[in-house]
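What follows is calculated from the coordinates using simple rules that are stated; it is not laboratory data. For clarity, every value in this text was computed on a predicted model and none was experimentally measured. Ideal geometry is used to build each Cβ from the backbone, glycine not excepted, and the neighbour counts take in all protein chains shown.
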Amino acid sequence: MKEILLLNGPNLNLLGTREPSVYGTVTLQDIERQVQSVCDPHGVTVKAYQSNHEGALVDAIHEAMNTASGIIFNPGAYTHTSVALRDAIAGVGLPMIEVHISNVHKRESFRHTSLLAPVSFGQIVGLGSLGYSLAAQALLDHIYKEEKHGENTKN
Ligand code: DHK
C-alpha cells in the first residue's frame with residue numbers, strides 16, 4: 001500500500017489553541033484525519049509526524065525515502081531558516097508540497113522567504129487547515145502523473 005508522509009514542524013502541535021486568530025481552531029489531530037480522509041479512497045496511508053526539533057524532522061525525511069511516495073510539509077518557523085531541511089528534501093528526491101496555514105506574505109517580512117520553496121513542487125499558503133486537504137489532493141495527483149511518466153516510482 002502506498003504511503004505519504006504528513007510532516008509538521010515546530011509549534012504546530014499547539015494548533016487549536018495557538019494564536020487562533022492566525023492559525024484557526026482546528027487541531028493537528030483534526031488535520032491528520034482530514035488528510036487521511038482525502039487519501040482513503042485512493043488506498044493511500046498517511047504517516048503523520050510532528051516535531052519541534054530540526055534534526056528529528058531531518059531524520060523523518062530520511063526515513064520517508066524508503067517508505068513514502070511523497071511529503072506534505074509545514075516546516076513552521078524552520079521554513080525561513082533551515083538549510084538542513086532544504087537539503088534533506090533535495091537529498092531524498094521525493095516530491096514535496098509545502099503548506100502554510102497563514103498567509104505568510106501578509107505577515108512579517110522574515111516570513112516572506114521560504115528556503116524550502118525551491119525544493120517543493122508547489123506551495124499552499126493562507127487557506128487555513130483546508131490547505132492540507134488541497135495539498136493531499138495535489139500530491140496524489142503529482143505522484144500518479146510521475147508514475148504515468150515512469151519517474152520516481154521507488155515507493
Ligand atoms: C507556521 C509557523 O509556525 C510559522 O513560523 C510560519 C506557518 C507560518 C503557517 O502559517 O502554517 O511562519
*Find how much the distance from ASN66 to VAL125 grows on full extension, using 0.36 nm per residue of separation minus their present alpha carbon separation; answer in nm with one decimal.*
18.4 nm
*For the range 1-50, the Rg and Dmax computed from alpha carbons only, in angstrom*: 12.1, 38
*asked:* Nearest 10 degrees is fine. How inclined is helix 83-92 to the longest principal axis of the chain, computing both from alpha carbons?
replied: 20
*Taking the range 81-155, which GluC sites (Glu not before Pro) meet the DSSP loop condition and have no more than 12 other C-beta atoms within 10 Å?*
GLU108, GLU151
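Which translational diffusion coefficient, to the nearest whole µm²/s, is obtained for the range 23-96 from the Stokes-Einstein equation, given a Kirkwood hydrodynamic radius over C-alpha pairs, 20 °C and 1.002 mPa s?
Numbers: Rh = 13.4 Å.
For these conditions, the coefficient is 160 µm²/s.
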*Considering the convex hull of the alpha carbon atoms of the range 2-148, report its projected area averaged over all viewing directions, in nm², one decimal.*
7.8
*Pairs of Cα atoms under 8 Å, at least six residues apart: use those to get the relative contact order of the range 2-148, whole percent.*
27
*When the Cα atoms of the range 84-155 are enclosed in a convex hull and the volume is divided per residue, what value in Å³ results?*
88
*Express in whole angstrom the spacing between the alpha-carbon centres of the range 9-45 and the range 47-86.*
16
